[in-house]
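**Student:** Sharing a structure with you now.
The values are calculated or read from the model by the stated rules, or taken from the named source; none is laboratory data. Everything quoted here is computed from the prediction, not taken from an experiment. In this analysis, Cβ positions are derived from the backbone assuming ideal geometry, glycine residues included, and neighbour counts consider all displayed protein chains. Remember, those area values only see protein heavy atoms, side chains included, never the ligands or the DNA or RNA. Shrake-Rupley method; radii C 1.70, N 1.55, O 1.52, S 1.80 Å.
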Amino acid sequence: MAGFPLWIVVIDYLLGVIMWTLIGRFGMGIFLPQNSQFFFMRFFVRATDPLLRLFDPVTPGFLIAPMVPLYVAWFFFIIRFYVMPWLLGYSVMGMLSFPLESEVALGVAQLVGFFLN
């Protein structure tokens, strides 16, 4: 990522992976129970349970359990989209937004271009 120090990109990638893992758990939870033996679901539950416990004090009690991972993922979205650029002194919100997703989108575009040529 040209223009950003490596530590910023690493932090954003870490926050992005956490956010997408929480979204993955929510998505898998639509189709599978939390105690499913499917290895992806076991991974999502094992990887995100500590985060869900950490955010338990700020999670509203009226929220149904399957929605909690999505609610916690929202915090990571807010940090990545608003807090990080603000802390780094950018005046335009979203200036640093989503280098992880930009890299993935470029990879997909190159892959699609490869198959179309």
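**Student:** Report, by residue number, each residue of region 47-74 that is closer than 24 Å to residue 104 by Cβ and open to solvent by 50 Å² or more (accessible area, probe 1.4 Å). Talk me through it step by step, then tell me what you get.
**Tutor:** Here is the first cut: in region 47-74, the ones closer than 24 Å to residue 104 by Cβ are 47-48, 51, 69-74.
Correct list: 70, 71, 74.
**Student:** Something else: Taking region 4-46 on its own, how many of its residues are open to solvent by 80 Å² or more (accessible area, probe 1.4 Å), over 14 Å from residue 76 (Cα atoms), part of a helix (DSSP H, G or I) and not aromatic (Phe, Trp, Tyr)?
**Tutor:** Here the count works out to 5.
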